[in-house]
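Novice: Here it is, the structure in full.
The values are calculated or read from the model by the stated rules, or taken from the named source; none is laboratory data. Bear in mind the structure is a predicted one, so any value in this text is a computation, not a measurement. No Cβ is skipped: glycine too gets one built from the backbone with ideal geometry, and neighbour counts run over all protein chains shown. We work out accessible area using only protein heavy atoms, side chains counted, and drop any ligands, DNA or RNA first. Shrake-Rupley method; radii C 1.70, N 1.55, O 1.52, S 1.80 Å.
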Amino acid sequence: MKKVMKSMVLGSLAAAMLASGAAAANFTSSADVLNELGLFQGSESGYELDRAPDRAEAATMLVRLLGKEEAAKTYYAANADAFPFTDMDNGYDWAKPYVAWLYSEGLTSGATATTFEPGNPCTAQQYTTFLMRALGYSDAAGGDFTYDNAIAFATEKGVVDAYNMDADNFLRDDVVAMSYTALSAAPKSGETDLLTKLVNEGAIEAETAAPVQQTFTALRNFNKAYEAVAATTSADATADFTMNMSVADATVDASGKFDVQVKADPANLADMQMAMTGSLSMSIPATDGAEAATLELPMEMYVQDGVSYTNVMGVKVKQDLDLDSALKGIDLQALADMNTVPLCMLDSISQDGNTYKMSYNSEAFNGLFAEIFSQITDQIEITDEMKAQGITEDMFKISVDLTKADVEMTFKDGGLYDQKADMAMTMDMMGEQVSANIVMNTSATAVGDAVTVEYPSDLDTYVDASEVTADTAADPAAETAAEEIDTAESADTTDTAEETEAAPTEETTDASADAALATDTVAE
């Protein structure tokens with residue numbers, strides 16, 4: 001059985017895809033909704049979401065978000081002589097009506113008494129302050145918030161979340177995501193949401209707003225039901241999946257059924273406890289006279305006291321597991337603390353009783369994948385030993401194009417739930433394109449304190465990964481496993497398929513699979 005890097009990467013990636021059935025992003029879909037409501041137009045060059053907004057653009061976007069564009073033009077026509085800012089004559093005449101109206105409404109005070117600085121970049125803090133003022137909150141002395149704590153206040157009110165704003169690289173993309181989220185937030189005046197307030201004021205026609213209001217209502221109901229699920233990181237669940245994966249000319253069909261018990265604290269991953277038992281079935285297609293074969297791979301994985309244990313077809317391996325280092329740079333606690341699904345990450349959501357159907361925004365997730373993979377690969381150090389085996393940095397460079405991410409979730413009593421995830425994606429990795437279609441069903445049978453992680457009594461017999469070498473096949477169990485796999489494959493013509501299905505038996509994939517499972521645990 002070949003031990004090559006490609007099998008490790010493909011196997012690890014497959015595990016990561018299966019675990020992800022729950023940040024730079026792309027919020028074109030948010031811009032589309034705002035545009036359909038008449039609240040966002042973009043420029044003559046389109047939405048231009050990938051560049052930073054200047055203060056003049058931010059002012060214009062805010063006025064349009066409030067449905068006051070015509071009111072602003074009318075106000076300025078009558079009060080142009082009283083316009084206080086003298087630095088908007090050179091190229092920013094178009095923005096004067098918007099700035100003038102915001103100034104008259106107390107939504108902006110300018111940079112100084114006579115300057116607005118229209119060409120300066122608008123920061124996340126500035127735009128957040130604009131939005132909170134638009135929602136009726138005041139940052140004046142003795143008001144609801146201060147300019148310095150605007151982002152924290154907006155987070156508390158559900159306008160800012162971990163996905164819709166990047167304060168360090170604030171773009172028009174963030175502006176549309178925050179603006180769309182603000183539409184779903186309740187203004188201080190007491191309406192259900194800002195969109196309802198705009199409809200009541202006649203700024204938006206009720207018929208135009210109705211589909212978006214239905215989305216807001218369904219998401220509010222979902223998030224209320226989701227609180228019980230999101231509040232726990234301990235779960236006992238059953239999961240089954242089917243996957244079709246194509247690499248070059250080879251196609252592999254796989255399915256699996258697993259029982260998973262997890263108790264975890266995102267703030268202290270070193271104490272995570274986990275037990276996963278089940279089996280993986282893989283169908284290898286016939287090629288060059290070789291008969292098609294189906295492999296049944298019994299699999300067990302355990303995590304206890306910072307050590308991972310894997311048992312695949314009788315090959316038992318253990319190794320130290322440092323999830324805190326492996327996931328460095330990814331704020332798992334922040335993700336775990338998010339007890340709601342962000343509006344900007346959804347394309348649609350509908351409700352039927354306790355069942356919700358959601359289609360996630362694939363463009364937004366593709367941006368997140370790019371950032372996460374970049375963070376992970378930046379931490380990988382290629383050792384001399386790895387170089388001697390032909391391993392290069394390029395082998396870890398991965399791009400993902402998620403084309404479908406549909407989720408159906410049914411809530412039960414006590415934080416229990418059933419969930420179905422239907423995903424499709426393509427990936428470019430190691431010079432090859434991989435495509436995958438995955439359907440996963442998960443059912444939580446216990447959560448919280450009711451969860452008990454059960455371990456086998458023979459963990460002390462597992463072999464340390466550092467002692468496992470290419471000669472491990474001398475071990476009868478390992479040799480038997482290798483022979484079963486090699487018999488099912490054509491050694492030369494089905495190399496890619498061989499490497500893909502062989503990955504789960506490689507001890508080198510343990511850390512990646514463990515990290516993927518830990519991430520899935522936090523998402524639950």
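Novice: Restricting attention to the range 164-210, which GluC sites (Glu not before Pro) occupy a DSSP loop and are surrounded by at most 12 other Cβ atoms within 10 Å?
Specialist: Passing sites in the range 164-210 are Glu201, Glu205.
Novice: Another one. How many percent of the accessible area of the range 122-249 is carbon or sulfur, using a 1.4 Å probe?
Specialist: 46 percent
Novice: Follow-up. Roughly how many Å² of Ser466 are accessible to a 1.4 Å probe, to the nearest 10?
Specialist: We get 100 Å² for Ser466.
Novice: Under a 1.4 angstrom probe, counting protein chains only, how are Ser189, Ser435 ranked by accessible area, largest first?
Specialist: Largest to smallest exposure gives the sequence Ser189, Ser435.
Novice: Would you mind putting 95-103, 311-319 in packing order, based on average other-beta-carbon counts within 10 Å, highest first?
Specialist: 95-103, 311-319
Novice: A follow-up question, please. Using the Cα gyration tensor of the range 201-246, with a ≥ b ≥ c the square roots of its eigenvalues, what is the shape: rounded (a/c below 1.5), prolate (a/b larger than b/c) or oblate (neither)?
Specialist: In terms of gyration-tensor shape, oblate.
Novice: If packing is taken as the average count of other Cβ atoms within 10 Å, what order do 108-120, 41-53 fall into, highest mean first?
Specialist: Most protected by this proxy first, the peptides run 108-120, 41-53.
Novice: Based on the alpha-carbon gyration tensor of the range 196-301 and its eigenvalue square roots a ≥ b ≥ c, which shape applies: rounded if a/c is under 1.5, prolate if not and a/b is larger than b/c, or oblate?
Specialist: oblate
Novice: For Met358, tell me the accessible area in Å² from a 1.4 Å probe, rounded to the nearest 10.
Specialist: 10 Å²
Novice: Same structure again: What whole number of Å gives the distance from the Cα centroid of the range 90-104 to the Cα centroid of the range 191-238?
Specialist: Result: 33 Å between the Cα centres.
Novice: Could you derive backbone 3J(HN,Hα) for the range 183-191 from the dihedral phi with the Karplus parameters 6.51, -1.76 and 1.60 (θ = phi - 60°), listing whole Hz in sequence and x where the residue is Gly or Pro?
Specialist: Going residue by residue, I get 4, 8, 8, 7, x, 4, 6, x, 5 Hz, with x marking Gly and Pro.
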